[in-house]
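These notes are about the structure you will find just below.
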Amino acid sequence: MVTGSPKPTLKVLLCSPRGFCAGVVRAIESVERALAIYGAPVYVRHEIVHNRYVVDSLRTKGAIFVEELSEVPDNKAPVIFSAHGVARAIPEEAARRNLVTLDATCPLVTKVHREAEIHFRRRREIVLIGHAGHPEVVGTMGQLPAGSIFLVESIEDAEKFTPRDANNLAYVTQTTLSVDDTAEIVEALKRRFPNIVGPHKEDICYATTNRQEAVKRVAPIVDAMIVVGAPNSSNSQRLKEVAERAGCPRAVLVQRAAEINWSDFEGVTRLGITAGASAPEVLVEEIMGAFAARYALDVETVSATEEGVFFPLPRPLREHEPAE
Ligand code: SF4
């Protein structure tokens, strides 16, 4: 930019709600509280939430991230399970080894685990709508014996699925899916299996639903949309897809300001910004700051709804006051 020339104006529509959900706040606070109570190190199985900035900042405070329990030594350092939940075999193995465990699984993921268990006890064959390999899906499938849950990732999978008994079926879903895609898959299942039993209240969580709703309002009226979030964050990826489908010509996932490819934003006069449920607001601010260095920003918030959800910390952490 030529020094002295006025900055071009950029209208920024900030989606609300965006960023941290109650499950992510609880998971991060669980690690921080555990560090305060037990001292460093505390072990965390899998990224506590899918965000590198969050993981790196907890690492500097003394958290050690591992993928498997076999990487945790047999000592009194606690091991925390991430917000995505874990298969039953994991706490069982930890108990066999007398490890101190703290479960930061989001209560809304635990709710899906309990639903699957109830269906299993009622001898229903269970369909899980979700993405293969995502830790939440691995954790949900791992609540029950192998073969109890059939994974459906798409309408094609739903059309191909052959149950043992079409009249004794149930479905549950991953919490971070596209609301619209999932509705289509559920519709296909219900058309084929009218007696399939579903959740009393949607499994897709309030945070996923609300963030997608805000994006749907903004995407059709901007030239580009930035989703602040990590590539391995399911709900961030879904926000990008929702923006594209709602008519936004360019939707990009960005983790940090340094990653912005400025050529993506040439000619853009109206920009939407949102953030996945695992992305901290400080990263939204960093990215806004990078735009403010190049443009005169005219910022407006577009709100889909207000959120007031709060989850208390896991019980063992509630019962201790942090050490001074
Ligand atoms: S995105 Fe939803 S299910 Fe996942 S941690 Fe947040 S509130 Fe819980």
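Of 179, 100, 25, which is the most mobile in a GNM of the chain whose springs link Cα atoms less than 10 angstrom apart?
In this elastic network of the chain, the residue with the biggest mean-square fluctuation among 179, 100, 25 is 100.
In whole angstrom, how long is each semi-axis of the equivalent ellipsoid of the stretch 63-169, when you take the square root of 5 times every eigenvalue of its Cα gyration tensor and sort them from largest down?
30, 14, 11
Under a 5 Å amide H to amide H cut-off, with H placed in plane at 1.01 Å, what residues pair with residue 129 once short-range neighbours are removed?
152, 172, 173, 174
Among 137, 55, 309, which one shows the highest mean-square fluctuation when the chain is modelled as a Gaussian network with alpha-carbon springs under 10 Å?
Top of the fluctuation ranking is 309.
Which residue, 129, 279, 293, has the largest displacement toward the positive end of the dipole of the chain when charges sit on each Cβ (Lys, Arg +1; Asp, Glu -1)?
129
Please tell me the relative contact order of the chain in percent, rounded to the nearest whole number, where contacts are Cα pairs under 8 Å and at least six residues apart.
Value for the chain: 27 percent.
Assigning unit charges at the beta carbon (Lys, Arg +1; Asp, Glu -1) and nothing else, what dipole magnitude in debye, to the nearest 20, does the chain show about its Cα centre?
So the magnitude is around 460 debye.
For the stretch 36-121, what is the charge dipole size about the Cα centre, in debye to the nearest 20, if Lys and Arg each add +1 at the Cβ and Asp and Glu each add -1 at the Cβ?
200 debye
Go ahead and run the numbers for FRET between residue 202 and residue 266, Cβ-Cβ distance against an R0 of 41 Å, rounding to 0.05.
0.55
Would you mind computing Rg(Cα) / (2.2 N^0.38 Å) for the chain, counting N as its residues?
1.08
Taking amide H atoms as placed 1.01 Å from N in the peptide plane, list the residues 5 or more away in sequence, or in a different chain, whose amide H sits under 5 Å from that of residue 101.
79
Starting from the stretch 58-111, pick out the GluC sites (Glu not before Pro) whose DSSP state is loop and whose Cβ has at most 15 other Cβ atoms within 10 Å.
Within the stretch 58-111, the qualifying GluC sites (Glu not before Pro) (loop, at most 15 other Cβ atoms within 10 Å) are 67, 68.
Would you mind calculating the gained length between residue 162 and residue 5 on full extension (0.36 nm times residue separation, minus the Cα-Cα distance), in nm to one decimal?
Full-extension gain reported as 50.0 nm.
Can you tally the lysine pairs in the chain where the Cα-Cα distance is under 30 Å and the two residues are eight or more apart, or on different chains?
The result is 20.
Separation of the stretch 156-185 and the stretch 32-91 by C-alpha centroid, Å?
32 Å
So what is the relative contact order of the stretch 73-180, in percent, for Cα pairs below 8 Å that sit 6 or more residues apart?
This gives 30 percent for the stretch 73-180.
Below 12 angstrom from the Cβ of residue 169, what's the summed charge of the other residues (Lys, Arg +1; Asp, Glu -1)?
Residues close to residue 169 contribute a combined charge of +4.
Between residue 71 and residue 303, what FRET efficiency follows from the Cβ-Cβ distance if R0 is 56 Å, with the result rounded to 0.05?
The formula returns an efficiency of 0.85 here.
For the stretch 226-324, state which trypsin sites (Lys or Arg not before Pro) are in a DSSP loop and have at most 14 other beta carbons lying within 10 Å of their beta carbon.
256, 294
Around residue 66, with a cut-off of 12 angstrom between Cβ atoms, what is the net charge of the other residues, counting Lys and Arg +1 and Asp and Glu -1?
Around residue 66, the charge tally is -2.
Using modelled amide H (1.01 Å from N, peptide plane; none on Pro or chain starts), what sits under 5 Å from the amide H of residue 44, excluding residues fewer than 5 places away?
64, 65, 66, 80
Does the stretch 1-147 classify as rounded, prolate or oblate by the C-alpha gyration tensor (a ≥ b ≥ c root eigenvalues; a/c under 1.5 gives rounded; else a/b over b/c gives prolate, otherwise oblate)?
oblate
Residue by residue, what Karplus-based ³J(HN,Hα) values in Hz, rounded to whole numbers, does the stretch 228-234 have, using 6.51, -1.76 and 1.60 with θ = phi - 60° and x for Gly and Pro?
Karplus-based 3J(HN,Hα) across the stretch 228-234 equals 7, x, 9, x, 8, 8, 4 Hz.
Any idea what the dipole of the stretch 169-324 comes to, in debye rounded to 20, about its Cα centre with Lys/Arg Cβ at +1 and Asp/Glu Cβ at -1?
That gives the stretch 169-324 a dipole magnitude of about 580 debye.
Could you check which residue among 140, 301, 175 shows the biggest mean-square fluctuation in a GNM of the chain with a 10 Å Cα cutoff?
Evaluated over the chain, the most mobile residue of the options is 301.
In nm, what is the difference between 0.36 nm times the number of residues separating residue 36 and residue 98 and their Cα-Cα distance?
Stretched fully, the residue 36-residue 98 segment lengthens by 20.2 nm.
Every number in this text was worked out from the coordinates using simple rules, so none of it is lab data. This is a predicted model, so every value here is computed, not measured. Using ideal geometry, Cβ is built from the backbone for each residue, glycine included, and neighbour counts are taken over all protein chains shown.
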